[in-house]
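So the structure is just underneath, and the comments pick up after that.
The values are calculated or read from the model by the stated rules, or taken from the named source; none is laboratory data. The shown structure was predicted, so the numbers you read here are calculated from the model rather than taken from an experiment. No Cβ is skipped: glycine too gets one built from the backbone with ideal geometry, and neighbour counts run over all protein chains shown.
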2 protein chains.
Amino acid sequence: LTAQEMAAEEEQAQSKKALKKQQKEAEKQAKKAEKQAKMDFAKDRYGVSAMVQSQERLGRTLIRVQDLTPEKANQLVWVRARMHTIRAKGKQCFLVLRQQQFNVQALVAVGDRASKQMVKFAANITKESIVDVEAVVQTVEQKIETCTQHDVELHVERIFVISQADARLPLQLEDAVRPDVGVEEEGRATVNQDTRLDNRVIDLRTTTSQAIFRLQSGVCQLFRDTLLQKGFVEIQTPKIISAASEGGANVFTVSYFKTSAYLAQSPQLYKQMCICADFDKVFCIGPVFRAEDSNTHRHLTEFVGLDIEMAFNYHYHEVLDSITDTMVEIFKGLRDRFQTEIQTVCKQYHSEPFKFLEPTLRLEYQEGVAMLRAAGVEMGDEEDLSTPNEKLLGRLVKEKYDTDFYVLDKYPLEVRPFYTMPDPHNPKYSNSYDMFMRGEEILSGAQRVHDAQLLTERASHHGIDALSIDSKLHKYSFRYGAPPHAGGGIGLERVTMLYLGLHNIRQTSMFPRDPKRLTP
Amino acid sequence: LTAQEMAAEEEQAQSKKALKKQQKEAEKQAKKAEKQAKMDFAKDRYGVSAMVQSQERLGRTLIRVQDLTPEKANQLVWVRARMHTIRAKGKQCFLVLRQQQFNVQALVAVGDRASKQMVKFAANITKESIVDVEAVVQTVEQKIETCTQHDVELHVERIFVISQADARLPLQLEDAVRPDVGVEEEGRATVNQDTRLDNRVIDLRTTTSQAIFRLQSGVCQLFRDTLLQKGFVEIQTPKIISAASEGGANVFTVSYFKTSAYLAQSPQLYKQMCICADFDKVFCIGPVFRAEDSNTHRHLTEFVGLDIEMAFNYHYHEVLDSITDTMVEIFKGLRDRFQTEIQTVCKQYHSEPFKFLEPTLRLEYQEGVAMLRAAGVEMGDEEDLSTPNEKLLGRLVKEKYDTDFYVLDKYPLEVRPFYTMPDPHNPKYSNSYDMFMRGEEILSGAQRVHDAQLLTERASHHGIDALSIDSKLHKYSFRYGAPPHAGGGIGLERVTMLYLGLHNIRQTSMFPRDPKRLTP
């Protein structure tokens, strides 16, 4: 036995012991409860329910916490919710019951509906347990500021535990939503990123997390609705591919039966094939995989790509306009339909409202470089933007144009992938663009080379093997007539993060993957 | 040099030679054309356009083929389309121009707008090339039965090639849409599956493929719209996971930096974590990976899963009803909004219209077994359904109830995964269900065990290591209060295939992946 195995056995033995002890304790408690129940007039009004195993289809209506308003005053209702906080005080016990972003105060008090034992039972329910309560809705004289349902409280007549939480929680919800003021206040715990992610099931219950991911669902919905309205077709592209795209760097390898395959770094080639197959305008939403060993605030090894590709008639700005229109529709939709979520996140992570212009501001790369130089940055004409320079440019643009969203058009040809169409008027530049939110890149796109011969030239210029399957597929797609086309790929988690003014992409990925994290 | 390298060099040398020869020929043709052009009054009215490189943003409006109707009679319009067929006849040349599912006849005839040379040029354009034509819309006396635009033809005044297709196509579109009558008609070519898939960019241009994938886009849209309306939240779940789910069979391995990871076989666990994190009702659409070496008409190694998970109050039939409602909304939406696509596919692959009932038919597993036994099948009470028996049961149900869609509820516990909730009234059965379309399974689902202790028991009964990360994560999720919940996963390609009455799943996956196919 290795030391590790011995440790594991030891641990197991200990946990068995602990389990036995727990069981004994439970039995003791049960006996005690039984004895007490004999003299308790309310004994059928509380307790731990049998596991819900679909024993019968009850007709009972459960009222949602958000619907507990003064209109329901004096009604007897059933509510299922989590035990958010519990405070016992003599013959009374005050509970806060939570359901997603909403919560309500509830009172169990010794009287003709509740016994002393029942109040004690309620007081001992563990936090985060799920309970069913039957209660009368009562309006309150003084607003309850700590609950979303200010104007009412519940007077509990029955209370049953539906699912019991462990007594010891790995993190406290109230710590997890404490405003992020940059410095730790004395005596007030905060929860660090890793603890949150290790215990994501609990961290996702906070009002902030609920708001973030409901808004993210909205981003996808707005993206699709806008594009479907414009006549786009949704496509599904394969994630397991036979050849690494764009030269093979940063790609994950998969064992595929007796051979090897790769995880797609983008749906690029497949979107383009759909254009060559006459789908005209396509989009897809799906995972994108990057085997980059980057441990930054904005890189993930797996993220969700919102991808667009579109045939155009004469100029790739036809496509660029479609994409910026779509982004603007997303921004407007979030502003108009997710204001509650935005405000909720803002309470914990303060940020200024996201600003955008109509039409979207479009600057040429050279203009951007000129602005940076005027601000003291030294850089070459055809040099790519570093991350700090992107951020600085974002600040300069915000100062000058008052927008958090803009397009930088006509990137130097050298810094773009081989399939990027060169600028017809200046061979050092290209028909390509990035889009920025709050100074960080969220989309990269371009007119693509749709001519097989030019593509071969460009690939060989980039030192890409012309016989590699990837470039063969590319060329092949263009041999049977290809419309001019352009497109781009958007990072979903970045859009959510930057729209909300958050500072770490792990906050906008439910189960983030980075070089150091593969769980949960 | 190895023999292989020498062969490669030889090939390269030969292709260089061929290229030179081609170039010489092209130069010769160009000179000839130049000479001819000098005496051609129409020389500026046709030719090969320079590659569209976004030289300028032309204001020119292109009319869509589907909009070419008698209302446009006598108007001079620009149209961009593919050269579908070309037939020269003396001083005239008849073209069919195609745009997605639509096509129109066009005529280039020697006269005051077109020269002999121009007609010859048009006659020599390769099929599938993309052209811009300027033409007068003319109504016709006799309906043109072979085109979707029956009532008009185009009288061409200018014609330019925008993107030239190779002269030799790997498959002919007219062969690829020939009705599937089971036997090959003499002298009429058909295209086999592998040729289609190897040349998917061309195969996807057929009216049948266009219809299939537009309808598939509709399935996703209807699925999401229905669920968003019901208050579901869209989630994104990771595809790279640290532990194989459900025991580890049939899972693809990924190299993940210095360690190994797996591709998710389903979003199961993550959907459940979202339910434990209070999202209440969630759905996701994304790739699902199965390393099964199955070469059947209905298995893919990568397919698109439409997944649902939902907390319920008292009985999992609350969830089952939500899912069948959603399926019915999809069927209705397809019937009402995609009739053209359904008819188009039907022309090539005949099938009866898809039938469904409201409310959806729900049979218990035991009833299904009884029906099979009455039809002469011998099987045990707790035996799983074989594929042939599923199909037979589908036929029996169709005969008796006249529906192509039904639910089989209460499967034997033994044949379901360890996290399936046992039936409270009969421990040999479970709260689980499959859904069938035309006798084939499209969804598998169940109430899940949401109690950590019962889950441990069930896992150990199935011989699953209680310390594996997967079951630890499962249990962990349920330790802090878990609502009862149920859900299911639907295969997108199967729904499309079976709704349209197709017989191979490769017809409803744009770029299918199976043990033998990784390209394109």
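What do you reckon, is A:Ala189 among the hydrophobic types (A, V, I, L, M, F, W, C), crowded, with 19+ Cβ neighbours inside 10 Å and without any contact (Cβ under 8 Å) to a residue 40 or more places away in the chain? For A:Ala189, the condition - among the hydrophobic types (A, V, I, L, M, F, W, C), crowded, with 19+ Cβ neighbours inside 10 Å and without any contact (Cβ under 8 Å) to a residue 40 or more places away in the chain - is not met. For the range B:100-127, the tally of residues that are within 14 Å of chain A (Cβ to nearest Cβ), hydrophobic (A, V, I, L, M, F, W, C) and over 20 Å from B:Asp166 (Cβ atoms) stands at 1. Screening A:Lys258, A:Lys271 for residues that are under 27 Å from the mean Cα position of the chain (by Cα) and more than 7 Å from every other protein chain (Cβ to nearest Cβ) leaves exactly one candidate, A:Lys271.
The numbered conditions (1) surrounded by fewer than 23 Cβ atoms within 10 Å (Cβ to Cβ); (2) more than 22 Å from B:Leu222 (Cβ to Cβ) are all true for B:Lys332 except (2). Can you tell me which residue in the range B:141-168 is surrounded by the most Cβ atoms within 10 Å (Cβ to Cβ), limited to those that are under 14 Å from B:Asn103 (Cβ atoms) and among the hydrophobic types (A, V, I, L, M, F, W, C)? It comes out as B:Leu154.
Selection over the range B:381-416 of residues that are in contact with a Ser or Thr (Cβ under 8 Å, 6 or more places away or on another chain) and at positive phi gives a count of 1. Residues that are among the polar types (S, T, N, Q) and either assigned to a strand (DSSP E or B) or touching a Pro at 6+ places or on another chain (Cβ under 9 Å) (or both) do not occur anywhere in the range B:402-418.
If you go through the range B:275-292 one residue at a time, do you hit one that is within 24 Å of the chain's Cα centre (by Cα), of a type in the set (D, E, K, R), crowded, with 22+ Cβ neighbours inside 10 Å and more than 10 Å from chain A (Cβ to nearest Cβ)? No, the range B:275-292 has no match at all.
Scanning the range A:207-250 for residues that are modelled with pLDDT under 95 and more than 10 Å from every other protein chain (Cβ to nearest Cβ), we see that the one that is nearest to A:Asp514 (Cα to Cα) is A:Asn250.
In the range B:415-443, the residues that are modelled with pLDDT under 95 and of a type in the set (Phe, Trp, Tyr) reach residues that are in a loop (DSSP other than H, G, I, E, B) and surrounded by fewer than 23 Cβ atoms within 10 Å (Cβ to Cβ) with C-beta atoms within less than 8 angstrom, at least six apart or across chains, in these pairs: B:Phe418/B:Glu246; B:Phe418/B:His462; B:Phe418/B:Ile464.
Could you list all residues from the range B:350-372 that are under 16 Å from B:Ile323 (Cβ atoms) and either part of a loop (DSSP other than H, G, I, E, B) or in contact with a His (Cβ under 7 Å, 6 or more places away or on another chain) (or both)? Scanning the range B:350-372 gives B:Phe356, B:Leu357, B:Glu358, B:Pro359, B:Thr360. Scanning the range A:373-393 for residues that are surrounded by 13 or more Cβ atoms within 10 Å (Cβ to Cβ) and either within 33 Å of the chain's Cα centre (by Cα) or among the hydroxyl-bearing types (Ser, Thr, Tyr) (or both) yields A:Asp384, A:Leu385, A:Asn389, A:Glu390, A:Lys391, A:Leu392, A:Leu393.
Checking every residue in the range A:220-238 against the condition of being buried (at least 19 other Cβ atoms within 10 Å of the Cβ) and touching a Gly at 6+ places or on another chain (Cβ under 6 Å) gives at least one match. Does the range B:128-147 include one or more residues that are within 14 Å of another protein chain (Cβ to nearest Cβ) and at positive phi? Checked the range B:128-147: at least one residue is within 14 Å of another protein chain (Cβ to nearest Cβ) and at positive phi.
Consider A:Leu97 carefully, then state whether it is within 14 Å of chain B (Cβ to nearest Cβ) and under 24 Å from A:Ala42 (Cβ atoms). It is true that A:Leu97 is within 14 Å of chain B (Cβ to nearest Cβ) and under 24 Å from A:Ala42 (Cβ atoms).
Of the candidates A:Glu378, A:Glu390, the single residue that is in contact with a strand residue (DSSP E or B) (Cβ under 9 Å, 6 or more places away or on another chain) and either acidic (Asp, Glu) or in a strand (DSSP E or B) (or both) is A:Glu390. Residues that are within 13 Å of chain B (Cβ to nearest Cβ) and of a type in the set (A, V, I, L, M) within the range A:454-504 comprise A:Leu454, A:Leu455, A:Ala466, A:Leu467, A:Ile469, A:Leu473, A:Ala482, A:Ala486, A:Leu492, A:Val495, listed in sequence order.
Can you pull out the residues in the range B:197-206 that are assigned to a helix (DSSP H, G or I), hydrophobic (A, V, I, L, M, F, W, C) and at the interface with another protein chain (Cβ under 8 Å from one of its Cβ atoms)? Those that are assigned to a helix (DSSP H, G or I), hydrophobic (A, V, I, L, M, F, W, C) and at the interface with another protein chain (Cβ under 8 Å from one of its Cβ atoms): B:Val201, B:Ile202. Exactly one residue among A:Thr69, A:Thr61 is modelled with pLDDT of 95 or more, within 14 Å of another protein chain (Cβ to nearest Cβ) and over 26 Å from A:Asp203 (Cα atoms), and that residue is A:Thr61. Scanning the range B:297-337 for residues that are among the β-branched types (Val, Ile, Thr) and within 17 Å of the chain's Cα centre (by Cα) returns B:Thr301, B:Val304, B:Ile330. When the criteria are applied in full, B:Leu171 meets the requirement of being part of a loop (DSSP other than H, G, I, E, B) and either within 11 Å of another protein chain (Cβ to nearest Cβ) or crowded, with 22+ Cβ neighbours inside 10 Å (or both).
Reported count of residues in the range B:306-315, each being within 19 Å of B:Ile442 (Cα to Cα) and either within 13 Å of another protein chain (Cβ to nearest Cβ) or in contact with an Asp or Glu (Cβ under 8 Å, 6 or more places away or on another chain) (or both), is 2. May I ask you to verify whether A:Leu215 is among the aliphatic types (A, V, I, L, M), under 25 Å from A:Phe102 (Cβ atoms) and not in a loop (DSSP other than H, G, I, E, B)? Spelling it out, A:Leu215 is indeed among the aliphatic types (A, V, I, L, M), under 25 Å from A:Phe102 (Cβ atoms) and not in a loop (DSSP other than H, G, I, E, B). Contact map, the range B:22-49: residues that are modelled with pLDDT under 85 paired with residues that are part of a helix (DSSP H, G or I), Cβ distance under 8 Å, separation 6+ or inter-chain. Pairs shown: B:Gln36/B:Gln117; B:Ala37/B:Lys43; B:Ala37/B:Gln117.
Applying the set (1) surrounded by 13 or more Cβ atoms within 10 Å (Cβ to Cβ); (2) modelled with pLDDT of 95 or more; (3) more than 14 Å from chain A (Cβ to nearest Cβ) to B:Phe303 leaves exactly one unmet item: (3). Within the range A:350-377, residues that are farther than 22 Å from A:Tyr411 by Cβ reach no partner that is small (Gly, Ala, Ser) and exposed (fewer than 12 other Cβ atoms within 10 Å of the Cβ) with beta carbons closer than 9 Å at six or more positions or on different chains.
Under the condition of being under 30 Å from B:Glu153 (Cα atoms) and part of a loop (DSSP other than H, G, I, E, B), the residues counted in the range B:16-55 number 8.
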